[in-house]
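To keep things clear, I will list the structure first and then write my remarks on it.
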Amino acid sequence: MKRYGEEFKEEALGLMKEIGAKETGRKLDVSEKTLYGWRRAKEQAQGPVSDGTAEAKLRQLEKENDELRRANEILKKAMGFLAR
């Protein structure tokens, strides 16, 4: 069984945030299960570790919301124009 140092684990978790567990596992020759175990251990030690997916989803939804608001404004203006 291989032993990994804390520095290696930290770098692996950072890479996992950027490119995901599957790709990180391939690049570092570490199983996804091991990576998730390291993340779970870190969360238990210091609280949740954000992987960025929730923030990315929030940004996507905010962008979509802005686009829908702009479209709604255009439709309101068009309705006013056609009502004349």
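The values are calculated or read from the model by the stated rules, or taken from the named source; none is laboratory data. Just so you know, these numbers come straight off a predicted model, no measurement behind them. Quick reminder, even Gly has a Cβ in these numbers, built from the backbone with ideal geometry, and neighbours come from all protein chains shown.
Per this entry, ALA83 is counted among residues that are loosely packed, with under 10 Cβ neighbours inside 10 Å, on the phi < 0 side of the Ramachandran plot, at pLDDT below 85 and of a type outside the set (D, E, K, R).
Taking region 1-67 as the region of interest, the helices (runs of 4 or more DSSP H) fully inside it that hold 1 or more residues being modelled with pLDDT of 85 or more, aromatic (Phe, Trp, Tyr) and more than 13 Å from the chain's Cα centre (by Cα) are 6-19, 32-46. Screening the candidates LEU61, LEU68, LEU28 for the property of being in the same structural domain as ALA12 (by TED's automatic domain parsing), surrounded by 10 or more Cβ atoms within 10 Å (Cβ to Cβ) and either out of contact with any Lys or Arg (no Cβ under 9 Å at 6 or more places or on another chain) or polar (S, T, N, Q) (or both) yields one hit, LEU28.
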